[in-house]
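Data first, discussion second: the structure below is written as structure tokens.
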Amino acid sequence: MHSLKLRKPLAFFDLETTGTNICTDRIVEICIAKAMPNGELKVKTWRINPTIPISAESSTIHGIYEEDIKNAPTFKELAHPIMQFFEGADLAGFNIIRFDVPMLMEEFLRIGLDFKLESRKMVDAQRIFHLMEPRSLTAAYRFYCNKELVNAHSAEADTLATFEVLCAQIDRYEGKAIKNEKGAEFIPIKNDVTALHELTAEKMIDLAGRLSYNDQGDVVVNFGKHKDRLLKEVLQKEPAFYDWVMKGEFPLDTKRKLTELKLKNLIK
């Protein structure tokens, strides 16, 4: 049983991968711990054949070598049961917004499936942790749960640790006031997935963060020589920018969002 107040399931998940490049690396293990509104926790873990080599550095971290997954199913073979287990759930994890969600989205898009985020809230325990107690998952687990994280960097251990950390964060911080960058007090942590989503994931355009909003709420480019320039201005003055992104090594999600902004005239 858990203490989270949920209106719908909240799927905690963690990925182990061949490397850290969202565009070119692949998933070798995924664990999903689905917290249900009735207090139940359903856990599933899959090993995946990435069909490409695993970097030695990554294997050293997560302990999964090519010999371990050579007979495992591919992501394409597992995509439907994985997507089905995520069905109807919001998402949670540790650093999922910068890495796990973009990597998972890329795998789905690569085989022609759209893992829709529009109807899902996302809660990133790392952002809460860094806001309140800046450290790593192992330190967070020790700090909040008073336990040592055994088998760190295995998908299941990290997923279940993150589940416990978020529950402990809510118990510790719910109702606690802190000061924002302007010195005004506010209460950031509530036992409510919508409030936690707004705190950790609300102002996103693309998952990789190549596009962002400025203080006025306008869409700007968030990398390279055009950083902080209005996207509308860049596309008007340098239309080749769009083609460069579409042909370059950028995540499929970034390309899709850029195209949506361009075609739907959502650029202010």
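The values are calculated or read from the model by the stated rules, or taken from the named source; none is laboratory data. Just so we're clear, the structure is a prediction, and the values are computed from it rather than from any experiment. So basically every Cβ, Gly included, is an ideal-geometry build from the backbone, and we count neighbours across all protein chains shown.
Please indicate, with yes or no, whether at least one residue in region 138-161 is modelled with pLDDT of 95 or more, under 29 Å from Ile48 (Cα atoms) and not in a helix (DSSP H, G or I). Checked against the condition, which is being modelled with pLDDT of 95 or more, under 29 Å from Ile48 (Cα atoms) and not in a helix (DSSP H, G or I), region 138-161 yields no hits at all.
Confirm whether Glu118 is outside any strand (DSSP E or B), surrounded by fewer than 18 Cβ atoms within 10 Å (Cβ to Cβ), assigned by TED's automatic domain parsing to the domain that holds Val28 and of a type outside the set (Lys, Arg). Yes, satisfied. Filtered by the rule that a residue be more than 19 Å from Lys34 (Cα to Cα) and out of contact with any Ser or Thr (no Cβ under 9 Å at 6 or more places or on another chain), region 119-139 gives His130, Met132, Glu133, Pro134, Arg135, Ser136, Thr138, Ala139. Among the residues in region 211-227, are any under 23 Å from the mean Cα position of the chain (by Cα), farther than 26 Å from His130 by Cβ and of a type in the set (Gly, Ala, Ser)? No, every residue in region 211-227 fails to be under 23 Å from the mean Cα position of the chain (by Cα), farther than 26 Å from His130 by Cβ and of a type in the set (Gly, Ala, Ser).
Within region 19-40, the set of residues being hydroxyl-bearing (Ser, Thr, Tyr) and closer than 16 Å to Asp253 by Cβ comprises Thr24 only.
Residues that are of a type in the set (A, V, I, L, M), part of a helix (DSSP H, G or I) and surrounded by fewer than 21 Cβ atoms within 10 Å (Cβ to Cβ) within region 99-115 comprise just one, Leu109.
May I ask you to verify whether Ala201 is among the aliphatic types (A, V, I, L, M), within 26 Å of Pro37 (Cα to Cα), in contact with a strand residue (DSSP E or B) (Cβ under 7 Å, 6 or more places away or on another chain) and at pLDDT below 95? Step through it out loud before you land on a result.
Details: among the aliphatic types (A, V, I, L, M): yes; within 26 Å of Pro37 (Cα to Cα): yes; in contact with a strand residue (DSSP E or B) (Cβ under 7 Å, 6 or more places away or on another chain): yes; at pLDDT below 95: yes.
Yes, satisfied.
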